[in-house]
Structures are given as structure tokens and as C-alpha cells.
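Just so it is clear, none of the values below were taken in a lab; they were calculated from the coordinates. As the structure is a computational prediction, the values presented were derived from the model and not from experiment. Every residue, glycine as well, gets a Cβ built from its backbone with ideal geometry; the counts of neighbours run over all protein chains shown.
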Amino acid sequence: MSVPSTTLIIWGVAALATCGVILRPWRVPEYVWAVAGALLLTLCGLMPWPSALHAVAEGGDVYLFLIGMMLLAEVARQEGLFDWLARYAVVHARGSGQRLFDLVFLVGTLVTVFLSNDATAVVLTPAVYAACRAAKAEPLPYLFICAFIANAASFVLPISNPANLVVFGSQMPPLLEWLRQFALPSVVAILLTYLALRLSQRRQIRRPLAPSIDPQPLSRGAQLCAAGIVLTGASLLLASALDKPLGLPTFCAGVATTALIHLSGRRSPVPVLRQVAWGVLPLVAGLFVLVEAVAQTGVIRELAHALAALAEASPTQATWAAGIGVAVASNLMNNLPTGLIAGSMGQLADLPQSTTAALLIGVDLGPNLSITGSLATLLWLVAIRREGEQVGAWQFLRLGLVVTPAALLGALLALSI
């Protein structure tokens, strides 16, 4: 059966925009490629403007979540909270790079589980860089922890990744059922990620750290910011328990914390607003439009019915095909649009619970191959670039090939037990 030319053009534009986001030719920011692809589809009449605007509006909760997290991260950086945490970590590492590695991995896991993977990328990454600077250590081995654990631990709880809410939607299982299904796969993914990172970075982390770090008092602004982050985590847990969107409470927490700190110090918040990576928002909006355009070609409906037919014939094969297929797709086109597609597939076809769970694991864990595979990794990339660190697509891919396959396959195997 021949494919309509309009469908081929839409797929071609989406593919080119995705390649631009991943490869970043001529160092043009990622959001430019996503927005350019979305505008091209609408200006050429391949996607109606109302549909494009509706797709942008669907990301409202994600935009609010990101704004809140980015405000918290920037305020924490400017108030010195990250520097204080860095010194605390280095002191407890007691001159051992391996001990610092373990400490960063543990904290990264906890932040991901209770504050989301985006929080790990946005909030923890600057603190880890500051710790490495204070300890006079090569930062990349420790910064890589933030990128990989942000995805490996992102399905421990529903709030650990906003994509979890996208994939399950209104069919989100109760917390106890969630833990029964995902606890073992999460533990396997976290442990295998730790082992792969620890072995691959063993040479760098064997180097001794700075012998002593002068303690510094925690400023009032930093204390208020820390309280704001803790309250944000509590509000996210509550919102998840009540089956409410996470964007608004995160946004309110970020704005309130920023306002309180600057009002108490009688300072302008403009320096904070100037340093926030606002380009992430049009990137997400452009990706939403590209996914909507692809969805209108009917390809998602066909994929959903094909997966449902496979699940009826062999649930085990469907589980593995769903997890691996979505993992590969997440690296090719980012896990945010892939999560939207996976969620749509769950609504269009009656899939077994294990197959839907495999889709989620593929969306959450699979993107660890590509530097632009997940929104959390993109936020991590923005954070390390601000500190002067550069990680290319091929450099990340080489490490991702060491870390990701075993963790993904192990998690899918644990899911089937």
C-alpha cells in the first residue's frame, strides 16, 4: 500500500527537526530546530494552526513544572546553597573520589525518586559541579551520574518522572500496585547503572580529592531555598497521591521561594530570571507540535493495534518489543514525544498491564543512550554548559552503550518475573 506524499513530508520534516535537536549542527540551540520544524509544518499547510496551538497547549503542565524547577535551581545557585552542599559532600568524602562517587549516586537517586528526574538534572548538577571544583576533581565522571541516574531511577514512584503521568494518564495504578510492579525493575536498573558507571569511571575516581575544605555558614537565603525545595518535594508527593497534575504546585513553589528570598533581602529577582534557561520551553512546545503532526498521519493508531495484536498472541514478546522499541524511539526523537505516543497507544488499544509497564520503562530508562534522548538529559546538558563543560553526542553515546543496554534488559527481565 502506497504512503501518501503528505505523510512522507510530515515524517521527513519531523525527522530533520529531530536530527537538528540531537546533533545540534553549527551549535544552533536545540529549541531552534524543534520550533523551526513545527513552524514549517504549519506554514506549509501540513498541519492546521488550531491543531498546532492545541498541541502547544497540551504541554501546559510540563511548562509550569519546568519553570518552577528552573527557578528553584537558579535561586539555589545564586544563594550559595549548591556551594554549601558541595563542601558538605567533599568533607564527608574524606579525600576519596570513590566515596564521593557513591555519595553523589545515592543523593541523585533520592532526588530523582522524590523530586523527579528533571530536578536531578536542574538542581543537583550544579551542586555536583561545585563539589568537584571544591575538591579539585575532574567533574565529568561525577556529572555523568546526574545524567544517568535521572533516568535509571525515574520509575520508582509516579512522581519520579512526569512522563509516568503521560504514559498512564487516567489509568495510573494505585501507589501500592505501582510499587508491586516497578519496585524490582527499578532496583535492578539502579544497581546495574551504578555498576556500569563505577567500572567505566574507575580510573578517574581513584584520584585523591583535596585534603581539606574550609566550612562555610549557610546563608539565610540558602536556608529559605532549601526549605522551598523540601516543601516542593512534599507537595509533589501529595499531588501524586491525590492524582493531581504536578506542574502547578511546582510552579507555585518556585515562584513563592524566589519571591520570599528576594523580598526578605529587598533585592530584585531580575538576575535570577535572566539566568533561567528559557529556551527549554520552546523546545518542549516544538516537540509537542511535531508529535501531533505525526499522530495525524495515523501511524500511532496502526502501531497501537499492531502491538495489541502481538500482545494477544504472545504477551511476553509484546512486553519485550514494547520496551526495546520505545527505548530506541526515545533516543531517536526524545522521550517526551515518545511518552506522548506511548500514552496515546495505551488509549487507542487495550494493552495488557505488563505491556504498558514495558512502554513506561522504555520511555524512562531507554533515553540514556542519547544526549538528547530525554528532557532531563537536555536540562543536564544546559546545566553543565553553564559551568563551561562540553559533552558531545558521540561521547555520551559511547558511555550510554556501556550503561544502558544491561540496565534496560535487566529491568524488563525483572518486570516479567
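The angle between the Cα long axis of helix 60-79 and the main principal axis of the chain comes to about 20°, on a 0 to 90 degree scale. Peptide packing: for 360-369, 221-230, the average count of neighbouring Cβ atoms within 10 Å per residue gives the ranking 360-369, 221-230, highest mean first. Ranked by the mean number of other Cβ atoms within 10 Å per residue, highest first, peptides 304-312, 323-331, 372-380 order as 372-380, 323-331, 304-312.
For the range 1-155, the Kirkwood estimate of the hydrodynamic radius, built from every pair of different alpha carbons, is 18.3 Å. Here the residues W320, W33, ranked from fewest to most Cβ neighbours within 10 Å of their Cβ, fall in the order W320, W33. In a shell of Cβ-Cβ distance under 10 Å around P162, excluding P162 itself, what net charge do Lys and Arg (+1) and Asp and Glu (-1) give? Charge balance near P162 sits at -2. The fewest-to-most ranking of D243, D118, D83, D61 by surrounding Cβ atoms within 10 Å reads D243, D61, D83, D118. Given the range 298-378, what whole percent of its Cα pairs are spread farther than 18 Å? Everything past 18 Å amounts to 33 percent. Springs between Cα atoms under 10 Å define the GNM used for the chain, and in it the highest mean-square fluctuation of S235, S116, S370 occurs at S235. When you count the other C-beta atoms within 10 angstrom of each residue and take the mean per peptide, 100-109, 270-279 line up highest first as 100-109, 270-279. Ranked by how many other Cβ atoms sit within 10 Å of their own Cβ, fewest first, the residues W178, W26 fall in the order W26, W178. Once you sort the root eigenvalues of the Cα gyration tensor of the range 68-151 as a ≥ b ≥ c, which label holds: rounded (a/c under 1.5), prolate (a/b larger than b/c) or oblate (the other case)? Judged from the Cα gyration tensor, the range 68-151 comes out oblate (a/c at least 1.5, b/c at or above a/b). Taking a point 7 Å from the Cα of R398 along the Cα-to-Cβ direction, the residues of the range 128-143 with backbone N closer than 15 Å to it are 140-141. Give me the tail of P(r) for the chain as a percent: Cα-Cα pairs with distance above 32 Å. I get 34 percent for the Cα pairs in the chain exceeding 32 Å. Compactness of the range 290-331 is given as radius of gyration and Dmax, 11.5, 32 Å, from Cα positions.
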